[in-house]
1. Once label points are set 7 Å from the Cα along Cα→Cβ at both LEU52 and THR5, what is their separation, rounded to one decimal in nm?
2. Evaluate the relative contact order of the chain (contact order divided by residue number), counting alpha-carbon pairs under 8 angstrom at least 6 apart; express in whole percent.
3. Heavy-atom accessible area per residue, the chain, 1.4 Å probe: how many Å²?
4. For every helix of n ≥ 4 consecutive DSSP H residues, a contribution of -39,500 (n - 2.57) applies; sum these over the chain, divide by its total residues, and give [θ] at 222 nm rounded to the nearest 500 deg cm²/dmol.
5. Quick check: at a probe of 1.4 Å, how many percent of the accessible area of the chain sits on carbon and sulfur atoms?
6. Measuring from a point 7 Å past the Cα of SER83 along Cα-to-C-beta, which residues in segment 56-70 have an amide N at less than 20 Å?
7. Spelling out what I want: for every residue of segment 16-23, take phi, set θ = phi - 60°, compute 6.51 cos²θ - 1.76 cosθ + 1.60 (Karplus), and round to whole Hz; glycine and proline get x.
8. Here are labelled values, [x] 128; [y] 91; [z] 182, and one is the computed volume of the Cα convex hull per residue in Å³ for what I pasted. Which one?
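The values are calculated or read from the model by the stated rules, or taken from the named source; none is laboratory data. Predicted, not measured: the structure shown is a model, and the values here were computed from it. Heads up, the Cβs are rebuilt from the backbone with ideal geometry, glycines too, and the neighbour counts pull from every protein chain shown. Heads up: the accessible areas ignore ligands, DNA and RNA and are worked out on the full protein's heavy atoms, side chains in. Shrake-Rupley method; radii C 1.70, N 1.55, O 1.52, S 1.80 Å.
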Amino acid sequence: MDAITGMLVPFIAMGVIFYFLLFRPEQTKRKKHQNMLENLSKGDEIVTNGGLHGKILGLSNDKNIILIAVGELNSQEVKVQISRSAVAFLKKGGELIEGE
């Protein structure tokens, strides 16, 4: 029985190390990103997963759709609808913020 216990201890220790080095930081990162998505508001500048930079013009909570302005073409604003989950970063002061 001592041999089995002696063999299990390193595996348990490796499991604990993996949890604190890999899984836990990923969970906290995911929670911060989800919090950032929930707190988006009109006027925020964002960057999507596809690299599209824009300013939020409107939010739809029931459909999780965001309307953003991405630039101008022939003096008319170009508007795009994206999914809320497509937002990767929030821009503040020209810097990208992944979650707060």
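1. 6.1 nm
2. Result for the chain is 24 percent.
3. With all protein chains present, the chain gives 75 Å² per residue.
4. Theoretical 222 nm ellipticity from helices: -10500 deg cm²/dmol.
5. Carbon plus sulfur share of accessible area: 57 percent.
6. It comes to 56-69, nothing else.
7. Coupling constants for segment 16-23: 5, 5, 4, 4, 6, 8, 10, 6 Hz.
8. Looking at volume of the Cα convex hull per residue in Å³ for this model, the match is [x].
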